[in-house]
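What follows is a set of notes on a single structure, which appears directly below.
Read-outs throughout are calculated quantities, based only on the coordinates presented, and are distinct from any laboratory measurement. Just so it is clear, the structure is predicted and the values come from calculations on it, not from any experiment.
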Amino acid sequence: MIAWEPHPDGVILFVRAQPGSRRNEVRGIQEGMLKVCVTQIAEKGKANKAVIAVLCDALSLRKSQIELIAGETSQQKRFLIRGIDADVLAKRTVDFLVRGK
């Protein structure tokens, strides 16, 4: 189960980021967080931007809907996903994980 919290503007999604990976991908769930691997290194926000791009692609979101609100320099991050409710985000996440990336 992926951890998220309701927010007045949408949903807070908990993500475990792994910079410096071989591929950009959502690798599943780890410790209740969506695990996102990116090839960018953790330098000057490059990995954070890459994580946002992977989330956009995987969850059918626009960049303008995603905002990093905590964990800028940590592997454990919290993203505010705007304009979506928890049920829709949960369905998109499960659909993505089930269809095999």
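Kirkwood hydrodynamic radius of region 4-98 from all distinct Cα pairs, in Å? Display every interim value, and only then the final one.
Working: mean 1/r = 0.0767 Å⁻¹.
Answer for region 4-98: a Kirkwood hydrodynamic radius of 13.0 Å.
Add -39500 (n - 2.57) for each DSSP H run of 4 or more in the chain, then divide by its residues: what number comes out at 222 nm, to the nearest 500 deg cm²/dmol? Walk me through the numbers on the way to the answer.
Numbers: 2 runs with 27 residues, N = 101.
Computed ellipticity for the chain at 222 nm equals -8500 deg cm²/dmol.
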